[in-house]
Amino acid sequence: MLNIDRRTFLAMSAALCASPAWSAQSGGDGLRVRAARNHRLYGTSVDSRNLKADPRFAQAVATEAGILVAESETKRKAMEPAKGQYYFGGTDAILNFAHSNTQLMRGHTMVWHEANPAWLEAELPVSKDERLLTDYIAKVAGRYKGQFQSWDVVNEVIEPKDGHPLGLRTNSIWYEAFGESYIETAFHAAREADPKTPLFYNETNLEGDDAWFEPRRTATLKLIERLLARNVPLQGFGMQSHLKAFRSKYSEAVISKFLDEIAAFGLPILITEFDVADIRGPADPAQRDTAVADLTRMFLDVAFSKKAVLGCITWGLTDKYSWLSLTPAYKWSDGQLSRGLPLDGDFNRKPMWTAMASCFDKSQA
Ligand code: G3I
């Protein structure tokens, strides 16, 4: 197994470390500079249509982010809407933006149980044709060969509530067609098409203290152990980290232990989808902002005390464009924006931004 440590990863982003061009905008250094000073990455998910249509958003992304990821446009539904007909326009636009702004980009995601095109959902369970998995991976990994900082090969493959003895998600077209083997098939296909880009497994809902989180952590660790024992080319772990300030409990000890357990496999860790839902919080937005910032500080201080943690990507940069405001479980019924991201809906830096900046400043180099 090829292990890539944090130093190697960050050597790839050395250009981001001293970037005066990104200083003194919007009232001082962006998070990308604050992160890079201590050899970590900060970035955000984006949608190319927002980058194109909203110059203030584009400016904020250029100022704050050192790495980008497509929030939807690198998923199969967007990339292969009809069988054999590919659309790369969204991903290419983000990659071009990243190149223009000295930013990295990562790929998300080759294989997921969601965001698949209708034709695939109809065909795969019937045909169980492995080429529907491997041909797609060859196509997209081949097209972006060597251009991403990392690729999420599989996403969200654990779901203990599905009842599988190993905690695997069975309610998935991929599991239904191939059983667990689709995971390693996907990694091998990706490695064949793109020999160098670090290949990640990305997982969600691992961070909390409530009882339902623990089986998720256990199943995730066991899966990684099985994959590495079978020489699957897994080279990094993405911990999504969608936190819920007023719905779940979190503690330093639990987060720290889990990060140590992942790091013990020799895998670098990236916080890939960080945000903090504020639903069920007090009516006063300022009070919610304080709670969101406090949880951010606790979580990132623990994360950045670990050498294995490469950095943090937030799932969106501004509350103006946040999936939290569109999602029934997290959105406010009165139409106000969710406040779970570093910038507010008018691109002002919030207490969460300040918390993140100070965590990057304190971060172990
Ligand atoms: O782009 C189309 C647009 O052309 C169409 O007119 C419109 C009509 O519904 O849909 C648009 O696509 C939407 C897309 O976001 C872009 O806005 C999809 O309907 C919508 O389902 C999609 O939601 C995304 C979701 O993943 C599914 O891909 C969310 O923005 C995105 O935040 C969410 O991200 C996931 C991560 O990938 C994995 N972890 C959890 C995270 C949150 O659910």
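The values are calculated or read from the model by the stated rules, or taken from the named source; none is laboratory data. These numbers were taken from a predicted model, which means no experiment stands behind them. Don't worry about glycine lacking a Cβ; one is built from the backbone with ideal geometry, like all the others, and counts go over all protein chains shown. These area figures cover heavy atoms from the full protein model, side chains too; ligands, DNA and RNA do not enter into them. Shrake-Rupley method; radii C 1.70, N 1.55, O 1.52, S 1.80 Å.
Scan segment 220-232 and give yes if some residue there is at negative phi, outside any helix (DSSP H, G or I) and open to solvent by less than 30 Å² (accessible area, probe 1.4 Å), otherwise no. For segment 220-232, residues at negative phi, outside any helix (DSSP H, G or I) and open to solvent by less than 30 Å² (accessible area, probe 1.4 Å): present. In segment 89-125, which residue that is within 15 Å of the ligand (Cβ to nearest atom), in a helix (DSSP H, G or I) and not polar (S, T, N, Q) is surrounded by the most Cβ atoms within 10 Å (Cβ to Cβ)? Going through the qualifying residues, I end up with ILE94. When restricted to residues that are in contact (Cβ under 8 Å) with a residue 40 or more places away in the chain and more than 20 Å from the chain's Cα centre (by Cα), segment 75-87 contains 3. Checking each residue in segment 283-335 for being among the aromatic types (Phe, Trp, Tyr), within 19 Å of the chain's Cα centre (by Cα) and over 21 Å from ALA365 (Cβ atoms) picks out TRP315, TYR321, TRP323, TYR330. Restricting the first member to segment 126-143 and to residues that are over 19 Å from ALA177 (Cα atoms), and the second to residues that are open to solvent by 10 Å² or more (accessible area, probe 1.4 Å) and outside any helix (DSSP H, G or I), the beta-carbon pairs closer than 9 Å and six or more apart or on different chains are LYS139/TYR86; VAL140/TYR86; VAL140/PHE88; ARG143/TYR86; ARG143/PHE88.
Counting only residues that are among the hydrophobic types (A, V, I, L, M, F, W, C) and touching a Gly at 6+ places or on another chain (Cβ under 6 Å), segment 37-67 holds 3 of them. The condition of being at positive phi, more than 16 Å from the ligand (Cβ to nearest atom) and basic (Lys, Arg) holds for only one of LYS139, LYS145, LYS128, that being LYS128.
The condition (being assigned to a helix (DSSP H, G or I), open to solvent by less than 50 Å² (accessible area, probe 1.4 Å), touching a helix residue (DSSP H, G or I) at 6+ places or on another chain (Cβ under 8 Å) and under 23 Å from GLU130 (Cα atoms)) is satisfied by just one residue among GLU176, GLU184: GLU184. For segment 50-87, the set of residues classified as small (Gly, Ala, Ser) and either part of a helix (DSSP H, G or I) or crowded, with 22+ Cβ neighbours inside 10 Å (or both) consists of ALA53, ALA58, ALA60, ALA62, ALA65, GLY66, ALA70, ALA78, listed by residue number. Filtering segment 247-284 to residues that are in a loop (DSSP other than H, G, I, E, B), open to solvent by 20 Å² or more (accessible area, probe 1.4 Å) and without any contact (Cβ under 8 Å) to a residue 60 or more places away in the chain leaves ARG247, LYS249, TYR250, SER251, ALA264, PHE265, ILE279, ARG280, PRO282, ALA283, ASP284.
Within the set LEU337, LEU324, LEU341, the sole residue that is in contact (Cβ under 8 Å) with a residue 40 or more places away in the chain and part of a loop (DSSP other than H, G, I, E, B) turns out to be LEU341. All of TYR42, TYR86 fail the test of being aromatic (Phe, Trp, Tyr), modelled with pLDDT of 95 or more and either farther than 19 Å from PHE347 by Cα or within 13 Å of the ligand (Cβ to nearest atom) (or both), apart from TYR86.
Within the bounds of segment 320-340, is there any residue that is under 22 Å from SER251 (Cα atoms), in contact with a helix residue (DSSP H, G or I) (Cβ under 9 Å, 6 or more places away or on another chain) and away from the ligand (no atom under 16 Å from the Cβ)? Taking every residue of segment 320-340 in turn, at least one turns out to be under 22 Å from SER251 (Cα atoms), in contact with a helix residue (DSSP H, G or I) (Cβ under 9 Å, 6 or more places away or on another chain) and away from the ligand (no atom under 16 Å from the Cβ).
Figure legend. Inter-residue proximity from segment 37-51: first residues more than 25 Å from ASP361 (Cβ to Cβ), second residues within 16 Å of the ligand (Cβ to nearest atom) and among the polar types (S, T, N, Q), beta-carbon distance below 7 Å, spacing 6+ or different chains. Indicated pairs: ASP47/SER72. Does THR318 meet the test of being under 15 Å from VAL46 (Cα atoms) and open to solvent by less than 60 Å² (accessible area, probe 1.4 Å)? Spelling it out, THR318 is indeed under 15 Å from VAL46 (Cα atoms) and open to solvent by less than 60 Å² (accessible area, probe 1.4 Å). Residue pairs whose Cβ atoms lie under 8 Å apart, separated by 6 or more positions or on different chains, with the first residue in segment 52-74 and under 27 Å from TYR86 (Cβ atoms) and the second open to solvent by 10 Å² or more (accessible area, probe 1.4 Å) and acidic (Asp, Glu), are ALA70/ASP47; GLU71/ASP47; SER72/ASP47; GLU73/ASP47. Annotation: GLU80 fulfils all but one of (1) under 23 Å from LEU326 (Cβ atoms); (2) within 16 Å of the ligand (Cβ to nearest atom); the unmet one is (1).
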